[in-house]
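In what follows, a structure is listed as C-alpha coordinates, so that the remarks can point back to it.
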Amino acid sequence: MIKKFTLLFVAILFVATSIFAQGNVSFYADVTSGCAPLNVTFTNNSTIDTTGVTFYWNFNDGNNYEAFDTSHVFMAGYYNVYLSAFGEFGNYLGDYYMQINVQGSTGDFQISTGNNVCVGEQIHLSSFGGSWNISWDLGDGTTSTDYDVEHSYLTPDTFDVTMFFETQCGFDSIIEQVVVSNSAIPSVGINVNGGNQFCPNDAISFNNQYIAANYLWNFGDGTFSTNPSPEHAFSSIGDYDVIITVTNSCGNVNKDTFNISIQGGLAGYSDFNYWPNPVCPNQTIVFSTWIAGTSLWDLGDGTISTEKEIFHTYSDTGTYTIELIMTNGCGDSDTSYKDIQVQYQSGNNPNAYLYFENFNNWNQYGPVDTITVCTNTLVQFKNTSGGGNLTYLWDFGDGNTATTVDAENTFINVGLF
(Lines give C-alpha, C1' and ligand atoms only; values in the text may rest on other atoms or scores of the structure.)
Protein backbone atom coordinates (compact mmCIF):
# COMPACT_ATOMS: atom_id res chain seq x y z
CA MET A 1 0.00 0.00 0.00
CA ILE A 2 2.79 2.43 0.80
CA LYS A 3 4.46 1.94 -2.56
CA LYS A 4 1.20 2.46 -4.45
CA PHE A 5 0.45 5.66 -2.52
CA THR A 6 3.90 7.06 -3.29
CA LEU A 7 3.57 6.38 -7.00
CA LEU A 8 0.13 7.97 -7.07
CA PHE A 9 1.46 11.14 -5.36
CA VAL A 10 4.30 11.47 -7.88
CA ALA A 11 1.87 11.07 -10.76
CA ILE A 12 -0.42 13.78 -9.38
CA LEU A 13 2.53 16.14 -8.87
CA PHE A 14 3.70 15.57 -12.44
CA VAL A 15 0.25 16.33 -13.84
CA ALA A 16 0.00 19.49 -11.72
CA THR A 17 3.38 20.66 -12.95
CA SER A 18 2.39 20.08 -16.55
CA ILE A 19 -0.81 22.06 -16.12
CA PHE A 20 1.01 24.98 -14.52
CA ALA A 21 3.49 25.10 -17.39
CA GLN A 22 0.82 25.85 -20.00
CA GLY A 23 1.25 29.31 -21.57
CA ASN A 24 4.18 31.73 -21.62
CA VAL A 25 5.97 34.00 -19.19
CA SER A 26 6.20 37.52 -20.66
CA PHE A 27 6.01 41.21 -19.85
CA TYR A 28 6.22 44.59 -21.53
CA ALA A 29 7.83 47.90 -20.54
CA ASP A 30 6.44 51.38 -21.02
CA VAL A 31 9.89 52.52 -22.24
CA THR A 32 12.95 50.51 -23.28
CA SER A 33 15.46 53.32 -23.81
CA GLY A 34 16.10 56.84 -22.64
CA CYS A 35 18.31 59.05 -20.52
CA ALA A 36 19.49 58.30 -17.01
CA PRO A 37 17.92 58.15 -14.51
CA LEU A 38 15.27 56.19 -16.45
CA ASN A 39 12.11 55.08 -14.61
CA VAL A 40 10.63 52.01 -16.32
CA THR A 41 7.26 50.45 -15.50
CA PHE A 42 7.04 46.70 -16.19
CA THR A 43 3.67 45.04 -16.74
CA ASN A 44 3.38 41.28 -16.40
CA ASN A 45 1.28 39.86 -19.26
CA SER A 46 2.16 36.20 -18.79
CA THR A 47 -0.40 33.78 -20.21
CA ILE A 48 0.23 30.97 -17.72
CA ASP A 49 -2.21 30.15 -14.94
CA THR A 50 -0.89 32.42 -12.18
CA THR A 51 -2.60 30.62 -9.31
CA GLY A 52 0.05 29.97 -6.67
CA VAL A 53 2.80 31.27 -8.98
CA THR A 54 5.65 33.45 -7.69
CA PHE A 55 7.31 35.93 -10.06
CA TYR A 56 10.90 37.16 -9.60
CA TRP A 57 12.37 40.19 -11.39
CA ASN A 58 16.13 40.46 -11.95
CA PHE A 59 17.25 43.88 -13.24
CA ASN A 60 20.94 42.93 -13.60
CA ASP A 61 22.08 45.97 -11.63
CA GLY A 62 22.18 44.23 -8.25
CA ASN A 63 18.45 44.61 -7.58
CA ASN A 64 15.89 41.77 -7.50
CA TYR A 65 12.18 41.97 -6.68
CA GLU A 66 9.41 39.49 -6.01
CA ALA A 67 6.28 41.02 -7.54
CA PHE A 68 3.69 40.57 -10.26
CA ASP A 69 4.13 44.04 -11.80
CA THR A 70 6.88 46.44 -10.84
CA SER A 71 8.86 49.55 -11.76
CA HIS A 72 12.55 50.32 -11.51
CA VAL A 73 14.95 53.24 -11.98
CA PHE A 74 18.03 52.53 -14.12
CA MET A 75 21.25 54.48 -14.40
CA ALA A 76 23.30 54.54 -17.61
CA GLY A 77 24.08 51.15 -19.14
CA TYR A 78 22.61 48.12 -20.87
CA TYR A 79 20.45 45.80 -18.77
CA ASN A 80 18.86 42.44 -19.56
CA VAL A 81 15.77 42.41 -17.35
CA TYR A 82 14.52 38.90 -16.52
CA LEU A 83 11.14 37.76 -15.22
CA SER A 84 11.12 34.17 -13.89
CA ALA A 85 8.08 32.20 -12.72
CA PHE A 86 7.93 29.34 -10.19
CA GLY A 87 4.97 27.18 -9.22
CA GLU A 88 3.69 26.62 -5.70
CA PHE A 89 5.93 23.55 -5.36
CA GLY A 90 9.00 25.56 -6.41
CA ASN A 91 8.95 24.12 -9.91
CA TYR A 92 10.38 26.32 -12.66
CA LEU A 93 7.73 27.47 -15.14
CA GLY A 94 9.74 29.66 -17.50
CA ASP A 95 11.24 33.11 -17.95
CA TYR A 96 11.37 36.05 -20.32
CA TYR A 97 13.84 38.89 -20.76
CA MET A 98 14.05 42.29 -22.40
CA GLN A 99 16.97 44.70 -22.86
CA ILE A 100 16.79 48.22 -21.43
CA ASN A 101 19.20 50.76 -22.94
CA VAL A 102 19.88 53.79 -20.75
CA GLN A 103 21.98 56.60 -22.20
CA GLY A 104 23.64 59.63 -20.71
CA SER A 105 26.04 58.55 -18.00
CA THR A 106 26.22 61.16 -15.29
CA GLY A 107 29.35 63.28 -15.44
CA ASP A 108 31.35 63.45 -12.24
CA PHE A 109 34.80 64.33 -10.98
CA GLN A 110 37.19 63.37 -8.22
CA ILE A 111 39.38 65.59 -6.06
CA SER A 112 42.72 63.86 -5.55
CA THR A 113 43.21 65.03 -1.96
CA GLY A 114 39.58 64.90 -0.89
CA ASN A 115 37.54 68.00 -0.12
CA ASN A 116 39.72 69.34 2.73
CA VAL A 117 42.81 71.05 1.31
CA CYS A 118 45.76 72.98 2.72
CA VAL A 119 46.57 76.50 1.55
CA GLY A 120 48.89 76.20 -1.46
CA GLU A 121 48.45 72.41 -1.72
CA GLN A 122 48.24 71.17 -5.29
CA ILE A 123 45.09 69.21 -6.10
CA HIS A 124 44.14 67.22 -9.18
CA LEU A 125 40.57 67.34 -10.50
CA SER A 126 39.77 64.27 -12.62
CA SER A 127 36.60 64.02 -14.69
CA PHE A 128 34.90 60.69 -15.33
CA GLY A 129 31.51 59.28 -16.23
CA GLY A 130 31.49 59.32 -20.04
CA SER A 131 30.97 63.06 -20.53
CA TRP A 132 32.58 65.49 -22.99
CA ASN A 133 32.83 69.22 -23.78
CA ILE A 134 34.07 69.69 -20.23
CA SER A 135 34.82 73.07 -18.69
CA TRP A 136 35.58 74.14 -15.13
CA ASP A 137 34.91 77.05 -12.80
CA LEU A 138 37.18 76.56 -9.78
CA GLY A 139 35.44 79.19 -7.66
CA ASP A 140 38.40 81.56 -7.29
CA GLY A 141 38.21 83.16 -10.73
CA THR A 142 40.12 80.31 -12.42
CA THR A 143 38.53 78.51 -15.37
CA SER A 144 39.69 75.70 -17.63
CA THR A 145 38.55 73.59 -20.58
CA ASP A 146 40.90 70.67 -19.85
CA TYR A 147 39.46 67.29 -18.92
CA ASP A 148 41.76 67.09 -15.89
CA VAL A 149 42.98 70.13 -13.97
CA GLU A 150 45.88 70.85 -11.59
CA HIS A 151 45.27 73.75 -9.19
CA SER A 152 46.31 75.33 -5.89
CA TYR A 153 44.22 77.66 -3.72
CA LEU A 154 46.33 80.42 -2.16
CA THR A 155 43.88 81.75 0.44
CA PRO A 156 41.78 80.01 3.13
CA ASP A 157 38.12 79.84 2.12
CA THR A 158 35.38 77.54 0.87
CA PHE A 159 35.24 77.31 -2.92
CA ASP A 160 32.51 75.90 -5.15
CA VAL A 161 34.14 73.82 -7.90
CA THR A 162 31.80 73.44 -10.87
CA MET A 163 32.29 71.05 -13.77
CA PHE A 164 30.15 71.74 -16.86
CA PHE A 165 29.76 68.85 -19.29
CA GLU A 166 27.72 67.31 -22.07
CA THR A 167 26.35 63.76 -22.37
CA GLN A 168 24.08 62.03 -24.88
CA CYS A 169 21.19 63.59 -23.02
CA GLY A 170 22.33 67.21 -23.11
CA PHE A 171 24.28 69.69 -21.00
CA ASP A 172 24.61 69.48 -17.23
CA SER A 173 26.86 70.52 -14.35
CA ILE A 174 27.95 69.25 -10.96
CA ILE A 175 29.31 71.17 -7.95
CA GLU A 176 31.59 70.09 -5.11
CA GLN A 177 32.96 72.25 -2.34
CA VAL A 178 36.66 72.50 -1.50
CA VAL A 179 37.46 73.74 2.00
CA VAL A 180 40.91 75.37 2.09
CA SER A 181 42.51 75.75 5.52
CA ASN A 182 45.84 75.24 7.25
CA SER A 183 43.97 73.07 9.77
CA ALA A 184 42.70 70.72 7.04
CA ILE A 185 42.72 67.04 8.06
CA PRO A 186 43.84 64.80 5.17
CA SER A 187 41.35 62.35 3.71
CA VAL A 188 42.30 58.69 4.05
CA GLY A 189 40.83 55.36 2.97
CA ILE A 190 42.54 52.02 2.35
CA ASN A 191 41.74 50.12 -0.84
CA VAL A 192 42.71 46.46 -1.11
CA ASN A 193 42.33 44.61 -4.40
CA GLY A 194 40.64 41.24 -3.92
CA GLY A 195 38.84 41.54 -0.57
CA ASN A 196 40.39 40.74 2.81
CA GLN A 197 41.00 36.96 2.75
CA PHE A 198 44.26 35.74 1.23
CA CYS A 199 46.69 32.85 1.32
CA PRO A 200 50.21 32.99 2.75
CA ASN A 201 52.68 34.60 0.33
CA ASP A 202 49.96 36.14 -1.87
CA ALA A 203 51.17 39.53 -3.15
CA ILE A 204 48.42 41.89 -1.96
CA SER A 205 48.05 45.36 -3.52
CA PHE A 206 47.25 48.26 -1.16
CA ASN A 207 46.56 51.89 -1.97
CA ASN A 208 45.13 55.01 -0.36
CA GLN A 209 42.10 56.53 -2.08
CA TYR A 210 43.56 60.05 -1.78
CA ILE A 211 46.82 61.84 -2.48
CA ALA A 212 48.85 62.94 0.55
CA ALA A 213 52.28 64.42 1.18
CA ASN A 214 53.58 61.38 3.09
CA TYR A 215 52.47 57.80 3.72
CA LEU A 216 53.42 55.25 6.37
CA TRP A 217 52.03 51.72 6.14
CA ASN A 218 52.24 49.35 9.12
CA PHE A 219 51.31 45.84 7.98
CA GLY A 220 51.06 44.42 11.49
CA ASP A 221 53.73 41.78 10.94
CA GLY A 222 56.73 43.97 11.76
CA THR A 223 57.12 45.40 8.25
CA PHE A 224 56.50 48.97 7.05
CA SER A 225 56.37 50.92 3.79
CA THR A 226 56.32 54.58 2.72
CA ASN A 227 55.15 53.74 -0.80
CA PRO A 228 51.77 55.31 -1.73
CA SER A 229 50.61 51.99 -3.26
CA PRO A 230 52.66 49.10 -1.88
CA GLU A 231 52.43 45.36 -2.42
CA HIS A 232 52.89 43.08 0.55
CA ALA A 233 52.81 39.33 1.22
CA PHE A 234 52.17 37.81 4.64
CA SER A 235 54.12 34.63 5.30
CA SER A 236 52.11 33.28 8.24
CA ILE A 237 48.45 32.42 8.80
CA GLY A 238 46.62 34.89 11.07
CA ASP A 239 44.73 38.18 11.22
CA TYR A 240 46.62 41.44 10.66
CA ASP A 241 45.49 45.03 11.20
CA VAL A 242 47.04 47.08 8.41
CA ILE A 243 47.32 50.76 9.39
CA ILE A 244 48.08 53.67 7.08
CA THR A 245 49.10 57.06 8.48
CA VAL A 246 48.97 59.96 6.02
CA THR A 247 50.32 63.49 6.42
CA ASN A 248 49.28 66.46 4.28
CA SER A 249 51.28 69.57 3.36
CA CYS A 250 49.94 71.36 6.49
CA GLY A 251 51.59 68.70 8.66
CA ASN A 252 48.25 67.30 9.82
CA VAL A 253 47.76 63.54 10.23
CA ASN A 254 44.98 60.99 9.70
CA LYS A 255 44.80 57.18 9.89
CA ASP A 256 42.81 54.24 8.57
CA THR A 257 42.84 50.53 9.46
CA PHE A 258 42.04 47.47 7.35
CA ASN A 259 41.95 43.88 8.62
CA ILE A 260 43.61 41.18 6.52
CA SER A 261 42.91 37.50 7.22
CA ILE A 262 45.61 35.08 6.02
CA GLN A 263 44.22 31.55 5.76
CA GLY A 264 45.15 28.17 4.39
CA GLY A 265 43.11 26.12 1.95
CA LEU A 266 41.41 29.02 0.16
CA ALA A 267 40.00 28.20 -3.27
CA GLY A 268 41.61 29.88 -6.25
CA TYR A 269 39.77 32.58 -8.15
CA SER A 270 40.38 34.10 -11.57
CA ASP A 271 38.92 37.18 -13.25
CA PHE A 272 40.17 40.08 -15.34
CA ASN A 273 39.22 43.30 -17.08
CA TYR A 274 40.03 44.46 -20.60
CA TRP A 275 39.48 47.60 -22.61
CA PRO A 276 38.43 48.43 -25.27
CA ASN A 277 36.21 45.73 -26.74
CA PRO A 278 35.61 45.49 -29.68
CA VAL A 279 39.06 46.60 -30.79
CA CYS A 280 40.49 47.33 -34.23
CA PRO A 281 43.48 45.45 -35.67
CA ASN A 282 46.76 46.97 -34.42
CA GLN A 283 44.92 48.99 -31.77
CA THR A 284 46.24 48.60 -28.21
CA ILE A 285 44.05 46.65 -25.79
CA VAL A 286 44.81 46.48 -22.06
CA PHE A 287 44.29 43.33 -19.98
CA SER A 288 44.57 43.50 -16.19
CA THR A 289 43.74 41.42 -13.14
CA TRP A 290 43.39 42.51 -9.52
CA ILE A 291 43.51 38.96 -8.12
CA ALA A 292 46.37 38.14 -5.75
CA GLY A 293 48.63 35.28 -6.82
CA THR A 294 50.59 34.29 -9.90
CA SER A 295 49.03 34.79 -13.31
CA LEU A 296 49.40 32.94 -16.60
CA TRP A 297 47.76 34.51 -19.65
CA ASP A 298 47.02 33.02 -23.05
CA LEU A 299 45.88 35.87 -25.30
CA GLY A 300 44.51 33.60 -28.01
CA ASP A 301 47.06 34.46 -30.70
CA GLY A 302 50.01 32.51 -29.33
CA THR A 303 51.04 35.21 -26.86
CA ILE A 304 51.74 34.04 -23.29
CA SER A 305 52.39 36.36 -20.33
CA THR A 306 52.77 36.24 -16.55
CA GLU A 307 52.27 39.98 -15.94
CA LYS A 308 49.35 41.44 -13.99
CA GLU A 309 48.78 44.11 -16.67
CA ILE A 310 49.36 43.61 -20.39
CA PHE A 311 49.30 46.02 -23.34
CA HIS A 312 48.69 44.05 -26.53
CA THR A 313 47.72 44.43 -30.19
CA TYR A 314 46.18 41.93 -32.60
CA SER A 315 47.21 42.11 -36.24
CA ASP A 316 44.24 40.19 -37.68
CA THR A 317 40.48 40.41 -37.31
CA GLY A 318 38.62 37.62 -35.54
CA THR A 319 37.34 36.38 -32.20
CA TYR A 320 40.06 35.65 -29.65
CA THR A 321 39.47 33.68 -26.46
CA ILE A 322 41.51 35.04 -23.56
CA GLU A 323 42.49 32.57 -20.85
CA LEU A 324 43.81 33.56 -17.42
CA ILE A 325 45.01 30.97 -14.91
CA MET A 326 45.44 32.39 -11.41
CA THR A 327 47.24 30.36 -8.73
CA ASN A 328 47.04 31.57 -5.14
CA GLY A 329 49.53 31.10 -2.32
CA CYS A 330 47.60 28.05 -1.09
CA GLY A 331 48.46 26.28 -4.35
CA ASP A 332 44.93 26.26 -5.77
CA SER A 333 44.21 27.48 -9.31
CA ASP A 334 41.22 28.83 -11.18
CA THR A 335 40.78 29.66 -14.86
CA SER A 336 38.63 32.34 -16.47
CA TYR A 337 37.84 32.85 -20.16
CA LYS A 338 36.54 35.86 -22.07
CA ASP A 339 36.15 36.52 -25.79
CA ILE A 340 37.19 39.74 -27.51
CA GLN A 341 36.26 40.88 -31.00
CA VAL A 342 38.96 42.30 -33.26
CA GLN A 343 37.16 43.95 -36.16
CA TYR A 344 36.79 47.09 -38.19
CA GLN A 345 33.73 49.04 -37.11
CA SER A 346 31.95 52.08 -38.42
CA GLY A 347 32.65 53.82 -35.14
CA ASN A 348 36.36 53.08 -35.39
CA ASN A 349 36.91 53.76 -39.07
CA PRO A 350 39.11 56.82 -39.57
CA ASN A 351 37.56 59.82 -41.28
CA ALA A 352 40.01 61.34 -43.76
CA TYR A 353 39.49 65.07 -44.20
CA LEU A 354 41.81 67.97 -45.03
CA TYR A 355 41.83 71.56 -46.20
CA PHE A 356 44.33 74.18 -47.40
CA GLU A 357 45.63 75.91 -44.30
CA ASN A 358 47.47 78.94 -45.72
CA PHE A 359 44.92 79.98 -48.34
CA ASN A 360 41.65 81.73 -47.61
CA ASN A 361 39.57 79.67 -50.01
CA TRP A 362 36.29 79.03 -48.23
CA ASN A 363 32.80 79.33 -49.58
CA GLN A 364 29.44 79.26 -47.83
CA TYR A 365 29.58 75.46 -47.60
CA GLY A 366 33.08 75.22 -46.09
CA PRO A 367 36.59 74.81 -47.49
CA VAL A 368 36.95 74.37 -51.25
CA ASP A 369 38.76 71.34 -52.65
CA THR A 370 40.63 73.12 -55.46
CA ILE A 371 42.95 76.14 -55.49
CA THR A 372 45.18 77.75 -58.09
CA VAL A 373 48.74 78.72 -57.10
CA CYS A 374 51.95 79.75 -58.80
CA THR A 375 54.84 77.35 -59.17
CA ASN A 376 57.28 77.21 -56.23
CA THR A 377 54.52 78.25 -53.82
CA LEU A 378 54.43 76.50 -50.45
CA VAL A 379 51.01 74.94 -49.82
CA GLN A 380 50.13 73.88 -46.28
CA PHE A 381 47.57 71.14 -45.65
CA LYS A 382 45.61 70.83 -42.41
CA ASN A 383 44.50 67.34 -41.35
CA THR A 384 41.21 67.12 -39.42
CA SER A 385 40.82 63.35 -39.57
CA GLY A 386 39.48 61.40 -36.62
CA GLY A 387 39.03 57.80 -35.56
CA GLY A 388 41.51 56.70 -32.90
CA ASN A 389 45.16 55.71 -33.17
CA LEU A 390 46.00 56.73 -36.73
CA THR A 391 49.00 56.74 -39.02
CA TYR A 392 49.19 59.08 -41.99
CA LEU A 393 50.47 58.94 -45.56
CA TRP A 394 50.24 61.99 -47.81
CA ASP A 395 50.65 61.66 -51.58
CA PHE A 396 50.91 65.09 -53.23
CA GLY A 397 50.63 63.77 -56.77
CA ASP A 398 54.03 65.12 -57.82
CA GLY A 399 56.12 62.25 -56.45
CA ASN A 400 56.45 63.73 -52.97
CA THR A 401 54.99 62.08 -49.86
CA ALA A 402 54.82 62.75 -46.11
CA THR A 403 53.82 60.82 -42.98
CA THR A 404 53.20 63.73 -40.58
CA VAL A 405 49.79 64.65 -39.15
CA ASP A 406 49.73 67.94 -41.06
CA ALA A 407 51.84 68.49 -44.14
CA GLU A 408 53.19 71.02 -46.62
CA ASN A 409 54.56 70.80 -50.14
CA THR A 410 56.04 73.10 -52.77
CA PHE A 411 54.83 72.36 -56.30
CA ILE A 412 57.60 73.30 -58.74
CA ASN A 413 55.95 72.22 -61.99
CA VAL A 414 52.86 73.41 -63.81
CA GLY A 415 50.01 70.90 -63.68
CA LEU A 416 46.94 69.58 -61.91
CA PHE A 417 47.79 67.53 -58.82
Answer from 65, 79, 92, 97 - the residue that is within 30 Å of the chain's Cα centre (by Cα), in the same structural domain as residue 43 (by TED's automatic domain parsing) and without any contact (Cβ under 8 Å) to a residue 12 or more places away in the chain | 65
Residues (loosely packed, with under 14 Cβ neighbours inside 10 Å and either within 23 Å of the chain's Cα centre (by Cα) or in a strand (DSSP E or B) (or both)) located in segment 307-322 | 307, 309, 311, 318, 319, 321
Please go through segment 236-291 and pick out each residue that is crowded, with 16+ Cβ neighbours inside 10 Å, touching a Pro at 6+ places or on another chain (Cβ under 7 Å) and closer than 30 Å to residue 330 by Cβ.
-> 262
Identify all residues within segment 131-143 that are aromatic (Phe, Trp, Tyr) and buried (at least 18 other Cβ atoms within 10 Å of the Cβ); write none if there are none.
-> 136
Among the residues of segment 88-115, which ones are buried (at least 20 other Cβ atoms within 10 Å of the Cβ) and of a type outside the set (Val, Ile, Thr)?
-> 93, 104, 107, 109, 114
Under 9 Å between Cβ atoms, at least 6 apart or on separate chains: pull out the pairs that start in segment 235-259 with a residue that is within 30 Å of residue 119 (Cβ to Cβ) and free of Cβ contacts under 8 Å to residues at least 60 places away in the same chain and end on any residue that is among the aliphatic types (A, V, I, L, M) and outside any strand (DSSP E or B).
-> 244/188; 245/188; 251/213
Look at segment 143-152 and say how many of its residues are in contact with a Phe, Trp or Tyr (Cβ under 7 Å, 6 or more places away or on another chain), at pLDDT 95 or above and closer than 12 Å to residue 124 by Cα.
-> 0
Which one is surrounded by the fewest Cβ atoms within 10 Å (Cβ to Cβ) among residues in segment 59-87 that are in contact with a Ser or Thr (Cβ under 7 Å, 6 or more places away or on another chain) and farther than 23 Å from residue 172 by Cα?
-> 66
Confirm whether residue 102 is within 29 Å of the chain's Cα centre (by Cα) and not hydroxyl-bearing (Ser, Thr, Tyr).
-> yes
Go over the candidates 202, 221, 172 one by one and state the one that is charged (D, E, K, R), under 23 Å from the mean Cα position of the chain (by Cα) and surrounded by 13 or more Cβ atoms within 10 Å (Cβ to Cβ).
-> 172
Return yes when residue 128 is in contact with a strand residue (DSSP E or B) (Cβ under 7 Å, 6 or more places away or on another chain) and either closer than 24 Å to residue 240 by Cβ or surrounded by 14 or more Cβ atoms within 10 Å (Cβ to Cβ) (or both) and no when it is not.
-> no
Quick one: what pairs do we get from segment 144-167, first residue under 18 Å from residue 184 (Cβ atoms) and buried (at least 17 other Cβ atoms within 10 Å of the Cβ), second at pLDDT 90 or above and acidic (Asp, Glu), C-beta under 8 Å, 6+ apart or different chains?
-> 153/121; 153/140; 159/140; 161/137; 161/176
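The values are calculated or read from the model by the stated rules, or taken from the named source; none is laboratory data. Everything numeric in this text was worked out from a predicted model, so none of it was measured. Glycine gets a Cβ as well: all are built from the backbone with ideal geometry, and neighbour counts include every protein chain shown.
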